[in-house]
1. Can you confirm whether Gly98 is surrounded by fewer than 24 Cβ atoms within 10 Å (Cβ to Cβ) and assigned to a helix (DSSP H, G or I)?
2. Please verify whether the stretch 154-175 includes one or more residues that are among the aromatic types (Phe, Trp, Tyr) and under 16 Å from Leu257 (Cβ atoms).
3. Do we find a residue being under 28 Å from the mean Cα position of the chain (by Cα), of a type outside the set (S, T, N, Q) and not in a loop (DSSP other than H, G, I, E, B) anywhere in the stretch 31-44?
4. If only one of Leu118, Leu104 is of a type in the set (A, V, I, L, M) and farther than 24 Å from Ile159 by Cα, which one is it?
5. Residues in the stretch 103-112: is at least one touching a helix residue (DSSP H, G or I) at 6+ places or on another chain (Cβ under 8 Å) and either farther than 23 Å from Val301 by Cα or among the aromatic types (Phe, Trp, Tyr) (or both)?
6. Which is surrounded by 15 or more Cβ atoms within 10 Å (Cβ to Cβ), aliphatic (A, V, I, L, M) and under 22 Å from Ala316 (Cα atoms), of Val181, Val196?
7. What strands (runs of 3 or more DSSP E) completely inside the stretch 232-341 contain at least 2 residues that are open to solvent by 20 Å² or more (accessible area, probe 1.4 Å)?
8. Kindly indicate which of Val76, Val89 is part of a strand (DSSP E or B) and surrounded by 21 or more Cβ atoms within 10 Å (Cβ to Cβ).
Amino acid sequence: MAQFVNAKEALVTEALDGLLATAGGKLARLDGYPHIKVVYRADWERTKVALVSGGGSGHEPAHAGFVGPGMLTAAVCGEVFASPSVEAVLAGILAVTGEAGCLLIVKNYTGDRLNFGLAAERARALGRKVEMVVVDDDIALPDLPQPRGVAGTLFVHKIAGAAAEAGESLGQVAAKARAVVAKIASIGKSLDTCTVPGSPKEDRIPKGKAELGLGIHGEPGVEQVDFTGAKSAVDIVLEKLRPYLDGAGGGTRVALLNNLGSTTPLEMAVLAHALAEAGVAQQVIGPAPMMTSLDMHGFSVSIIEADDAELAALAAPVPMAAWPGMNKVVAVPVAPLPDGLTPIEPIPSVNPRIRATLEHVADLLIAAEAKLNELDAKSGDGDTGSTLATAARALKGSLDRMPLADLTQLFPALGNELSQTMGGSSGVILAIYFNAAGDACANGQTVHQALREGLRRVSEVGGAQVGDRTMIDALAPALEALEHGLSAAAAAARTGADSTAAIHRAKAGRAAYVPEKNLQGYNDPGAEAVALLLEGLAENMRV
């Protein structure tokens, strides 16, 4: 798998320097590359308790992304998924620790515990006041004697960071951190493992499955379960967290929704919706990538029942861009459409023949979804089939309220329906087409004339003509041939659609933004949709 990496050996140091170069002077590092990689606050004056965390890289933005006022004072970074050395941790402690002392926040992995622990001992021998808390929030494998530390560590960073920023003593800050550790629970779920730079990717999660409880270094989880969608994925995660959601503490439940690496913002928003609908938390942090596992396609949920002081600490603003802040979970606010935008509902009427034709049209478009998507991927974004199929499904569901017996009303009703259910430019084009056809019908033109008037209006508004590599290349000849029957129209549409494969330079539509080499030998997906639709209708009439 190709990655934006120069050399594996320089990956972490170059990434850290990229962070520092774009931080506006707020962060600095110790001059210890390549073995000592410590990022710290450039404005730090050692007058308050220092918070130091870290571990292996590959979990960005953790931990260096959370260095700043109100959270960490320094982050000690190892190589990808490898604990930093004792010397590196000691260097970080010595660089930021003053009279107030230092708290180490360590995830519960053997390497981190040993290296941070020994560094703490050596720092104490040098006269520094150092305490250490170990975070073990992963509940995926409850029988493990040493549960792993995962994204719940961020609760500790934020609450302990607020206490340190407020000037509390080392004992007070450490006590608050330990109280938080005792209350947090986390579990993750992923559709895929992660890609460690320079190593082959492990392919252990089969298609159609998701792994529950895998670690942030790609360690196997507790089980692989069937993947049936975002809601069920969240429900399964929350079911594992259920024993930790009893509410006995009487506080405010806060959920942290973490992107494990390559889950898209759109997917994370869907997961956030499922989490909100489940009603398990009153406040939420995220969704955002906070403690990732390189490019893992998954998410994790961490839970804490926070008392008033902890809630205030979590809500306190900090300037680091990586921290998404905390927000109250609310019912989705919905306002009515402005006056003039609410569509006029047509008066429903019945025509079994028209209804059957529209249902068949919709079924043809739904059946062609995969083929049209594949074709569109050659020259566009691969969504033509999905766009048409989504509108077709919506159309089938709207037929009961359509004026099927009156074409002067039906055409505009189709246009309004498609403008609302079909995304991109396709919905607009077809809305113009059918509204123009409806106007022509209302003015006494025949159906054939009305359809041609719709095409004329689309060309006028959109600017596309025959030869521009759009749906018009199939639709225009089909309408010209329609007076000779549907089979003739279908044949003309097929010829027109196939002709677009030889048009290497599109002059309209999204293909106009695509290099010519990508268009060669492939039919325009819009024209292909017209041809497939008319061929299906003609075949149905013959049967």
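1. no
2. Applying the first criterion (among the aromatic types (Phe, Trp, Tyr)) to the stretch 154-175 yields 155.
Add one more test, that the residue is under 16 Å from Leu257 (Cβ atoms), and what stays is 155.
Yes, the conditions are met somewhere in the stretch 154-175.
3. Of the residues in the stretch 31-44, the ones under 28 Å from the mean Cα position of the chain (by Cα) are none.
No: the stretch 31-44 contains no residue that is under 28 Å from the mean Cα position of the chain (by Cα), of a type outside the set (S, T, N, Q) and not in a loop (DSSP other than H, G, I, E, B).
4. That would be Leu118, the only listed residue that is of a type in the set (A, V, I, L, M) and farther than 24 Å from Ile159 by Cα.
5. To start, the set of residues in the stretch 103-112 that are touching a helix residue (DSSP H, G or I) at 6+ places or on another chain (Cβ under 8 Å) comprises 103-107.
Of the ones still in play, those that are also either farther than 23 Å from Val301 by Cα or among the aromatic types (Phe, Trp, Tyr) (or both) are 103-104.
Taking every residue of the stretch 103-112 in turn, at least one turns out to be touching a helix residue (DSSP H, G or I) at 6+ places or on another chain (Cβ under 8 Å) and either farther than 23 Å from Val301 by Cα or among the aromatic types (Phe, Trp, Tyr) (or both).
6. On the way: Val196 fails: under 22 Å from Ala316 (Cα atoms).
When all the criteria are applied, what remains is Val181.
7. Numbers: elements: 252-259, 283-288, 298-306, 326-328.
Passing ranges, in order: 252-259, 283-288, 326-328.
8. Details: Val89 fails: part of a strand (DSSP E or B).
The match here is Val76.
The values are calculated or read from the model by the stated rules, or taken from the named source; none is laboratory data. Everything numeric here is computed off the predicted structure, so don't read it as measured data. Neighbour counts run over all protein chains shown; Cβ positions are idealised from the backbone, glycine included. Just the protein is used for accessible areas: all its heavy atoms, side chains included, with ligands, DNA and RNA removed. Shrake-Rupley method; radii C 1.70, N 1.55, O 1.52, S 1.80 Å.
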